[in-house]
Every structure is written in C-alpha cells, then in structure tokens.
Amino acid sequence: MAAESRESGRAQDGDREVIVEARNLAKTYRDFWGRSKKVALKPLDLEIRRGEIFGLLGPNGSGKTTTMKLLLGLIFPTSGEAFVFGREATDVSKNERIGYLPEESYLYKFLDAEETLDFYGRLFDMPPEERKRRAAALIKMVGLERDRKRQLKEYSKGMTRRIGVAQALINDPELVLLDEPTSGLDPIGTREMKDLIIDLKKRGKTVIMSSHLLADVEDVCDRIAVLHQGELKELGRVEDLLRVTDVTQIRAKGLSAAAADEIRDVLRRHGGQDIEIGNPRTTLEDLFLDVVRDTEARPGRRARQG
C-alpha cells in the first residue's frame, strides 16, 4: 500500500480508524555471527483501533515487550512491517503522539516528582506554564500529591510506577503504551491504576497494555491478543473469548421476570426477579491456561480470529 494512502486513510472499522497495524511482523534476535539466537516474535498480524484498550497477554518471554518496542521503533523487525498513525513504526516523529511506560522505569532518582515531569516536558518543548500545569494535574491524577517533593530514590516500587505513568502522559498523547502497568502495586493501587486506564479511554486515548496478570486485563481491556512462545494464539473481544457458547445459563434473583417464552411464564408465576438468559463465561485465567496447554499439545496451532 502506498505511503500516501496510509498517511491519509487510516483503515476503518465501523467509525473507528485503525491507528496501529502489524503485518507479518516478526523479530528474531541473532548472535554476532548472524545466527538465530532467539525467535522473540513469530509473524504477527494485528489491528488496533482508536479509542480502545487493547491487551497483550502472555507469560514472561512471550513477545509482549518485543511487540511494543517494534511499534515504538526502538528495535527493527526481522520481517514484516508495522504502522502507527499511518506511518512506518521506524519513523520516530510519530512518537510525539505516543506515551510509553516501560516495564522498568528509568528515571533520575535524585529528582522529585515535579522536577521529573518538568524535565520530560522540556523534552517535548512545552512552555514553562504548560509544564507546570500538566505536572500538577498528573501528580494529582496518579495520587502523589503528598510525595511530590520527595526524591524518587525514596519512592517505593509502586510509587515509581505511578510517576512513570505520569511521565508517559506528560505530552497528552493520543496512544499510550503501558508495559506491566500494575507491577509492584498493592490491591488499592492496582484498582486505582485500572480506573486510570479506563479514564484514559473516556478521554479518547487509545491504550495498549501488556500484562501477565489475568484479572487486570480482564477488568479493563476491550480486546486482547494472547501470545505464547512468540506466537499469537487468541485474538478477539474479551467477552466473546470468555463466553461458553454451548451452554445456556438462566440466572434469577428472587425468582421473577425475564427468561424466554415458556420459561419466563413459569418463573413469573413463582415470583421470579432479575431473570437473565444467555451464555455463561469462563474466566480469562481458564482461557489462558487452555491456550498454554494446547500450545504444548499442538505447537503449530494458530490463533482463532475474532
């Protein structure tokens, strides 16, 4: 496809444009002599649409971080291609519209929170007043107001993740990449982080997050890609992947209105309430374990597209 059509066009899914696209994207790490050392990512085809929260799920070493680095242009693919905002992923100018939280935050430990965000704001040539305003808003957003004057060397790992998220948002990005965003957070901090990610979507941001914590992905993501041993194994909406389609479930609270045809009438005569008829869901944990077990049993199986 011509570069002009990618820049202008932006593939559509309904009314939402595709802003991240991977086509046959693969990465193999090689040794000094050019021999294959590690296949980090097997050919990957993927589209991510504006305004969605997309999860990359998999165990350590499954290719999640490699995928993110390929999209950012931090490493180069062995084969295939990736596009972000219609530009090739290797075009670093696109990164002005991206926020990135790496798995390990590399921050200056002798700066405090305000100084850290001011520093990153300078990298984007933000005016002083805008830097000050953005820093104050982000520090409040991530819950570090009481610790904004403490040097980062005094921060816990959870606090470091919070300021890491703040620096990823300093440029008000359209696309946010979060690598293990809840790592090191306690249950309350984890819930607050997930609420923050959902809030980013409400503000029109597109979020790509990677995690091996299944509940976190299940709670916030619209669609997920399950990676294992560098290969895409499952792809689709969370609700679709977790639905058990060959079982019909009826739920009733206090037994009253809502089922189907004759069932509704029967339950209605017995005072039923809040009746639901539909498909029960499995859990993301069960889906993930099934993918891993199936991969071991059938290594060549490809992803079901959804």
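Just so you know, all these numbers are worked out from the coordinates, no wet-lab data involved. Values in this document were obtained by computation on a predicted structure and should not be read as measured data. All Cβ positions, glycine included, derive from the backbone under ideal geometry; neighbour counts span all protein chains shown.
For residue 237, the shell of other residues with beta-carbons less than 10 Å away shows a net charge of -2, using +1 for Lys and Arg and -1 for Asp and Glu. When 110, 32 are sorted by how many other C-beta atoms sit within 10 angstrom of their C-beta, beginning with the fewest, the order is 32, 110. With Cα atoms as the point set, region 116-258 shows a radius of gyration and Dmax of 19.2, 62 Å.
Across region 86-96, rounded Karplus estimates of 3J(HN,Hα) from the backbone phi angles (6.51 cos²θ - 1.76 cosθ + 1.60, θ = phi - 60°) give x, 9, 4, 4, 6, 7, 5, 4, 5, 5, 5 Hz, Gly and Pro being marked x.
Within the same chain, lysines fewer than 8 places from residue 64 are excluded, and of the rest, those with a Cα less than 24 Å from its Cα are 27, 37, 38, 42, 94, 157, 194, 201, 205, 233.
Where a Cα-Cα gap under 24 Å defines reach, which lysines qualify for residue 153, not counting those fewer than 8 residues away within the same chain? Once the sequence-local lysines are set aside, what remains near residue 153 is 109, 132, 140.
Our coupling estimate for region 68-80, obtained by passing each phi through the Karplus curve with A = 6.51, B = -1.76, C = 1.60 and θ = phi - 60°, is 4, 5, 5, 5, 7, x, 6, 10, 10, x, 6, 8, x Hz, Gly and Pro reported as x. Highest-first packing order for the peptide set 33-40, 98-105, 225-232, 200-207 is 225-232, 98-105, 200-207, 33-40, based on the mean count of other beta carbon atoms within 10 Å. Report the net charge of residues surrounding residue 48, where surrounding means a beta-carbon distance below 9 angstrom and charges are Lys +1, Arg +1, Asp -1, Glu -1. Neighbour charge sum, excluding residue 48 itself: 0.
Each label point was placed 7 Å from the Cα along the Cα-to-Cβ direction; for residue 130 and residue 47 their separation is 3.3 nm.
Think of region 50-185 as having a plus end and a minus end, set by charges on the Cβ of Lys, Arg, Asp and Glu; of 105, 95, 53, 105 sits farthest toward the positive end of this dipole.
Rounded to the nearest 0.05, what FRET efficiency do residue 172 and residue 110 have when you use their Cβ-Cβ distance and R0 = 35 Å? Efficiency, from the Cβ-Cβ distance: 0.85.
For residue 179, the shell of other residues with beta-carbons less than 14 Å away shows a net charge of -1, using +1 for Lys and Arg and -1 for Asp and Glu.
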